[in-house]
Amino acid sequence: MPSRDVVFASLAALVVAGGAVGVGVVGSGLPTRVVGAEVAPPWPVPDVGDRPGRAELAGMQNVWGQDLAMHVHTHLSITVDGEDVTIPGDIGHDADTKLAAPLHTHDTSGIVHVESPRRESFVLGQLFTEWDVHLDAVRIGSLGPDDGLELTAFVDGSRWSGDPAGIRLSDFEDVALVLAPRGETVAAPPAFAWPPDYR
């Protein structure tokens with residue numbers, strides 16, 4: 001069986017060679033197939049050395065220091081059976097190595113920064129590929145139907161139908177992923193209170 005590094009390098013080469021392979025085309029409107037680990041939380045930020053490769057798998061390059069044509073913010077929250085899951089800081093980002101993918105986090109607030117030198121669409125699945133956490137229509141990481149859990153996605157308080165990996169990220173949007181026991185009534189979490197310096 002090939003090592004993790006060999007598999008990772010092969011996937012990266014596949015993305016570079018095929019452009020749309022594995023992650024879909026940015027702005028295509030098609031759901032992104034996430035390339036991520038199927039494990040239970042906590043889901044830590046990838047090692048610094050892995051972050052550029054994870055960004056490439058998600059179809060993104062380093063834009064550190066480039067002039068920005070867009071700078072928007074989306075909030076992401078994840079709840080598993082009533083417990084909040086921490087979204088780590090520095091997904092797709094590292095100040096020491098001057099790495100900034102167009103999608104990245106700075107802290108554990110759940111605020112996702114969308115910073116790009118071109119105006120284009122980005123989707124939630126790209127962030128999860130950077131994060132190395134599996135996401136599809138029924139599972140996050142390894143959690144889903146096999147654990148008796150049902151995944152419900154909300155965008156600005158309204159239910160999202162379909163694969164949440166395809167949610168396009170918009171300014172001041174509130175995205176919530178809720179894994180709850182099957183059959184339990186699920187409501188959207190309270191709206192995120194944006195800090196004043198973001199308004």
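The values are calculated or read from the model by the stated rules, or taken from the named source; none is laboratory data. Every value quoted in this text rests on a predicted model; they were computed, and no experiment measured them. No Cβ is skipped: glycine too gets one built from the backbone with ideal geometry, and neighbour counts run over all protein chains shown. These accessible areas exclude ligands, DNA and RNA; they are computed on the full protein's heavy atoms, side chains included. Shrake-Rupley method; radii C 1.70, N 1.55, O 1.52, S 1.80 Å.
What the table below lists for this structure:
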quantity	calculated
Selection within the range 78-114 - farther than 17 Å from ARG54 by Cα and either open to solvent by 10 Å² or more (accessible area, probe 1.4 Å) or of a type in the set (Lys, Arg) (or both)	THR79, VAL80, ASP81, GLY82, GLU83, ASP84, VAL85, THR86, ASP96, ASP107, THR108, SER109
Subset tally (residues that are open to solvent by 30 Å² or more (accessible area, probe 1.4 Å) and part of a helix (DSSP H, G or I)) for the range 40-75	5
Subset of the range 115-135 that is open to solvent by 10 Å² or more (accessible area, probe 1.4 Å) and part of a strand (DSSP E or B) - its residue that is nearest to PRO164 (Cα to Cα)	VAL123
Test: residue in the range 76-84 that is more than 14 Å from the chain's Cα centre (by Cα), of a type in the set (A, V, I, L, M) and part of a strand (DSSP E or B)	yes
Of the criteria (1) part of a loop (DSSP other than H, G, I, E, B); (2) in contact (Cβ under 8 Å) with a residue 60 or more places away in the chain, which one GLU184 fails	(2)
Checklist (1) within 23 Å of ALA37 (Cα to Cα); (2) surrounded by 13 or more Cβ atoms within 10 Å (Cβ to Cβ) applied to GLY162, failing item	(2)
